[in-house]
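The values are calculated or read from the model by the stated rules, or taken from the named source; none is laboratory data. Model, not experiment: these values are computed from the prediction. Note that each Cβ is placed from the backbone with ideal geometry, even for glycine, and that neighbours are counted across all protein chains shown.
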Amino acid sequence: MFTQTTDVRSRTPQGNKILAKRQLAEGIIEMTVFEPRIAAKCQAGQFFMLRACPRGERVPFTFSDWSRDEGWFRFIFMVVGKTTALLSQLQVGERLQDLAGPLGRPTLGDRHTDSSRPTLGGDRHIDSSRPTATPFGKNIVVVGGGVGTAVAYPVARALCQAECSVRVIVGARTADLLILLDELRALPLQELIITTDDGSAGRTGLVTAPLEELCCADASSKAADGWRADHALIVGPAIMMKFAAATALQAGVPATVSLNPLMVDGTGMCGACRVSIDGQTKFACVDGPDFPAAGVDWEELMSRQRSYLDDERLSYSMWQQEQQRLHDNCDCFDVQDKAQDKVQDGEEVVLHD
Ligand SMILES: Cc1cc2nc3c(=O)[nH]c(=O)nc-3n(C[C@H](O)[C@H](O)[C@H](O)COP(=O)(O)OP(=O)(O)OC[C@H]3O[C@@H](n4cnc5c(N)ncnc54)[C@H](O)[C@@H]3O)c2cc1C
Ligand code: FES
């Protein structure tokens, strides 16, 4: 059904204002949104649900950064279908339809207090005045694959704040798709390891090779100082998490993964995000999204992720045709494109009230 309600510019002037927008890589966008009530509470590993326009679907995204003092949070998304394409059209100063969050359990547990206070466009800093114990031990390796780095970054930051010894491995297909490297380099990490499938940056290959070294108990471990992970925290595409978790577990290192099943309500009522952990049914939105990797039924997760693939493709292509038709004879895309060009240059567009 082609209706104007799926045109992002037809939404009503309400909802949460977009303060800044930045293109981090091809098809990967960072948005900063004003919502003090969520920014006051969100913690590393948690997510929120948003609707981009009045009749849009609700989709989950993870908090990548926030300022409690200034009342904003950030998220990073990859354009993969209709909703993310629609979201990518929104410009600084425009509003999201609505938000719900923070949802899910924080990676470091409910009692861990995250008091980092990054400021918009300013330096991020770690407030280590009140370090708290983590459930994972001292030496933690955090692994981020692709856009999963958006989740790995605040988790690594919270672990640094808790005075853990943190090594981060980020992997992407190619150098152009690596994100948040400056932010990660600003953290007091033990080490940041970059891998790319094609060797265009860092080590050539998958995240599993350095992960194996950091999990290896053998004295010949390549980790320069004999450092060995007590725990691996892994986030990225399901297939990457499956193999990275197997690598850690085979070396005897417990692993936690951040699962990303399809979600509808995000509050434990619809059952869409059902996953099987050690043969038991759990709901990723309220019991997760983090789960012990050893018990995850990966085949079920990946099969359920593909449940609506044909419908998703159809919906995206119908929306693209609709956009083409709606804007065939008007110049509003030109105006949007000028703002978009700026964003594509990697320049951050920031709202000044
Ligand atoms: C707890 C949670 C946190 C998430 N955080 C982020 C985030 O920070 N950044 C981000 O870019 N994405 C994140 N996602 C995935 C994001 O919600 C989906 O990419 C988005 O819903 C796709 O919507 P769409 O309409 O654009 O694409 P669709 O048309 O719905 O899907 C397009 C393609 O993406 C796949 N897809 C859809 N939803 C998911 C999903 N949940 N996981 C994996 N693949 C999916 C579909 O199978 C299909 O191949 C998160 C998912 C969950 C469950
Ligand atoms: S998304 Fe509905 S139960 Fe989790």
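Among (1) under 28 Å from CYS164 (Cβ atoms); (2) within 12 Å of ligand 1 (Cβ to nearest atom), where does PRO292 come up short?
(2)
Residue by residue, here is whether (1) closer than 28 Å to SER64 by Cβ; (2) in contact (Cβ under 8 Å) with a residue 60 or more places away in the chain; (3) within 16 Å of ligand 1 (Cβ to nearest atom) holds:
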residue: MET241; (1), (2), (3): yes, yes, yes
residue: ARG306; (1), (2), (3): yes, no, yes
residue: TYR316; (1), (2), (3): yes, yes, yes
residue: GLU322; (1), (2), (3): no, yes, yes
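Checking the conditions here, which among ALA229, ALA246, ALA238, ALA255 is under 26 Å from ASP176 (Cβ atoms), of a type in the set (Gly, Ala, Ser) and out of contact with any Asp or Glu (no Cβ under 7 Å at 6 or more places or on another chain)? Working first, answer last.
Details: ALA229 fails: under 26 Å from ASP176 (Cβ atoms); ALA246 fails: under 26 Å from ASP176 (Cβ atoms); ALA255 fails: under 26 Å from ASP176 (Cβ atoms).
Residue meeting the stated conditions: ALA238.
Working only within region 262-277, note down all residues that are part of a loop (DSSP other than H, G, I, E, B) and either crowded, with 16+ Cβ neighbours inside 10 Å or within 6 Å of ligand 2 (Cβ to nearest atom) (or both). Outline the logic, then answer.
Initially, region 262-277 is screened for residues part of a loop (DSSP other than H, G, I, E, B), giving 262-273.
Across region 262-277, the qualifying residues are LEU262, MET263, VAL264, ASP265, GLY266, GLY268, MET269, CYS270, GLY271, ALA272, CYS273.
Any chance you could count how many residues in region 238-256 are assigned to a loop (DSSP other than H, G, I, E, B) and out of contact with any helix residue (DSSP H, G or I) (no Cβ under 6 Å at 6 or more places or on another chain)?
Here the count works out to 2.
For region 60-87, which residues satisfy the criterion of being buried (at least 21 other Cβ atoms within 10 Å of the Cβ), under 26 Å from LYS41 (Cα atoms) and either of a type in the set (Gly, Ala, Ser) or within 11 Å of ligand 1 (Cβ to nearest atom) (or both)?
Once the filter is applied, which keeps residues that are buried (at least 21 other Cβ atoms within 10 Å of the Cβ), under 26 Å from LYS41 (Cα atoms) and either of a type in the set (Gly, Ala, Ser) or within 11 Å of ligand 1 (Cβ to nearest atom) (or both), region 60-87 yields PRO60, PHE61, THR62, PHE63, SER64, ARG74, PHE75, ILE76, PHE77, THR83, LEU87.
Select, from ASP198, ASP176, ASP182, the only residue that is over 15 Å from the mean Cα position of the chain (by Cα) and outside any helix (DSSP H, G or I).
Working: ASP176 fails: outside any helix (DSSP H, G or I); ASP182 fails: outside any helix (DSSP H, G or I).
So the residue among ASP198, ASP176, ASP182 that is over 15 Å from the mean Cα position of the chain (by Cα) and outside any helix (DSSP H, G or I) is ASP198.
Take the residues in region 283-329 that are part of a helix (DSSP H, G or I) and within 16 Å of ligand 2 (Cβ to nearest atom), then tell me which one is surrounded by the fewest Cβ atoms within 10 Å (Cβ to Cβ).
So the first thing to find is which residues in region 283-329 are part of a helix (DSSP H, G or I), and the list is 284-287, 293-295, 298-305, 309-326.
Cutting the leftovers down to within 16 Å of ligand 2 (Cβ to nearest atom) gives us 284-287, 300-301, 304-305.
Values: ALA284: 26, CYS285: 25, VAL286: 15, ASP287: 18, GLU300: 13, LEU301: 21, ARG304: 18, GLN305: 15.
Among them, the one singled out is GLU300.
Looking at (1) within 16 Å of ALA294 (Cα to Cα); (2) more than 16 Å from ligand 1 (Cβ to nearest atom); (3) surrounded by 15 or more Cβ atoms within 10 Å (Cβ to Cβ), find the lone condition where GLN250 falls short.
(3)
Can you tell me which residue is surrounded by the most Cβ atoms within 10 Å (Cβ to Cβ) among those in region 1-53 that are basic (Lys, Arg) and at pLDDT 80 or above?
Going through region 1-53, the residues basic (Lys, Arg) turn out to be 9, 11, 17, 21-22, 37, 41, 51.
Filter once more, so that each one left must be at pLDDT 80 or above: 17, 21-22, 37, 41, 51.
On the way: LYS17: 16, LYS21: 25, ARG22: 18, ARG37: 11, LYS41: 14, ARG51: 19.
The residue in question is LYS21.
Each row is one residue, and each column tells you yes or no for (1) assigned to a strand (DSSP E or B); (2) among the small types (Gly, Ala, Ser); (3) within 17 Å of the chain's Cα centre (by Cα).
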site: PRO54; (1), (2), (3): no, no, no
site: GLU57; (1), (2), (3): no, no, no
site: PRO60; (1), (2), (3): yes, no, yes
site: VAL80; (1), (2), (3): no, no, yes
site: ALA100; (1), (2), (3): yes, yes, yes
site: THR107; (1), (2), (3): no, no, yes
